[in-house]
1. Search the structure for amide H atoms under 5 Å from the amide H of Asp297, placed 1.01 Å from N in the peptide plane, and list their residues when 5 or more places away or on another chain.
2. Just rank Thr331, Thr269, fewest to most, by other beta-carbon atoms within 10 angstrom.
3. Would you mind ranking Tyr165, Tyr318 so that the residue whose beta carbon has the fewest other beta carbons within 10 Å leads the list?
4. Once phi is turned into θ = phi - 60°, what whole-Hz ³J(HN,Hα) does the Karplus curve with 6.51, -1.76 and 1.60 give for every residue of segment 304-312, x standing for Gly and Pro?
5. In Å, what Kirkwood hydrodynamic radius results for segment 17-167 from the alpha-carbon pair distances?
6. I need the phi-derived Karplus couplings for segment 199-204: 6.51 cos²θ - 1.76 cosθ + 1.60, θ = phi - 60°, integer Hz, Gly and Pro marked x.
7. May I ask you to derive the FRET efficiency for Glu87 and Arg43 from their Cβ-Cβ distance with R0 = 41 Å, giving the value to the nearest 0.05?
8. Under 5 Å between amide hydrogens, which residues at least 5 positions from Ala329 or on another chain qualify, with H placed 1.01 Å from N in the peptide plane?
Amino acid sequence: MSSSRILVLNSGSSSVKYQLLDMRDSSRLAVGLVERIGEETARLRHTPLASGAETREWGGAIADHEAALKAVSAELAKDGLGLDSPELAAIGHRVVHGGKHFTEPTVIDDAVLAEIERLIPVAPLHNPANLTGIRTAQHLRPDLPQVAVFDTAFHTTMPESAARYAIDVETADRHRIRRYGFHGTSHAYVSRATAKLLGKAPEDVNVIVLHLGNGASASAVRGGRCVDTSMGLTPLEGLVMGTRSGDLDPAVIFHLARVGEMSIEEIDTLLNKKSGLIGLCGDNDMREIHRRIDEGDERAQLAFDIYIHRLKKYIGAYYAVLGTVDGIAFTAGVGENAAPVREAALAGLEQLGLVVDAGLNAVRGDEPRLISPDGARVAVAVVPTDEELEIATQTYALVGNR
Ligand code: ADP
């Protein structure tokens, strides 16, 4: 029997997001989410797309990731799609940090697990949760290939000139300090989809991808290979995000420690969780910021202006890095939905060939589309990202039809 289904797992410390796809036509059979794992008030939300049945929600105690995956399997089994199904070809895991070593999706064995574990110091929040998800899935289906798809892999093509910080080389190497970049699965998918929208092969185009979600990052992609990206050792560097500061003078940290008498943990929380849009105006949802701006709220306006100023700087920087640009793609929650962000980010850049057509920009849709006028020197596109499909595609390509 041919096995064509891939289960994609995105495991967080207290949550698991999942999708089951049929790779014969890349269709989604089921999607869902388990939240608050380890608590009495855990929730499971399961949408069985194959059968067209209603979304099912379940609340109660879920002790750990194993219990969560068993609950997911039980939901899938109601439609004959459980984890024990012979048609399941593999499980694809999102793994946040793959360091320098993992440049490709990788079939997981003990050595791979050990390397992901070795990277915990540079990804203390994410890699332990990803490992738990992998080990749990291995325990439930030891016979099944499990594949790790790394958020960092797409960025491993960055040249040393972009990947290194200008600090002492030995210190940097000893502590594995370099720019790794994140959201790579999305940047890979969107840059390819943009080439397709332009009717070209990825090798033949230079693209700037702006992944603007709650976390946000930009990348410069030359001929299908990433040459620079805005996140660094961790996802804190770069653009202004929902709750992260993005770039700042590192001396701000010394100042907060010495003068503000804050601990390293407090500063970490400040910069990762209480900065960016939420730190600037109290809201991190761009919809709410638009609403407040429409009411004349000055703090919301300033937060928006700082967000746009930083975004524009990266567009200019990556334009310079690439030399020639064929397309700029906006993606993720803000990039796909917030027309005012797209308009403001490119305003005044006509000399660079960057123009947004107001009518096209206002149209909403789920498909990749151009928002630049016909004949524009640089295509401006809105390209919905699909990290799960990309993980499933890469996993299936690796394990094939066994
Ligand atoms: P992440 O995966 O990083 O959690 P998403 O890519 O789902 O984030 O993006 C979430 C963000 O997208 C929200 O915080 C909100 O700011 C923004 N967003 C979602 N829908 C809209 C919309 N219709 N208009 C403007 N912004 C939106």
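Rule-based calculations on the coordinates, nothing more; no lab input. What you are looking at is a predicted structure, and each value in this text was computed from that prediction instead of being measured. All Cβ positions, glycine included, derive from the backbone under ideal geometry; neighbour counts span all protein chains shown.
1. Under 5 Å from the amide H of Asp297 lies no amide H from a residue far enough along the sequence or on another chain.
2. Numbers: Thr331 27, Thr269 14.
Fewest-to-most Cβ neighbours within 10 Å comes out as Thr269, Thr331.
3. Values: Tyr165 14, Tyr318 24.
Going from least to most buried by this count: Tyr165, Tyr318.
4. The phi angles translate into 4, 5, 5, 4, 5, 4, 5, 4, 5 Hz.
5. On the way: mean 1/r = 0.0592 Å⁻¹.
So the Kirkwood estimate lands at 16.9 Å.
6. x, 10, 7, x, 5, 9
7. Numbers: r = 28 Å, r/R0 = 0.68.
Calculated value: 0.90.
8. Ile208, Val209, Leu210, Ala381
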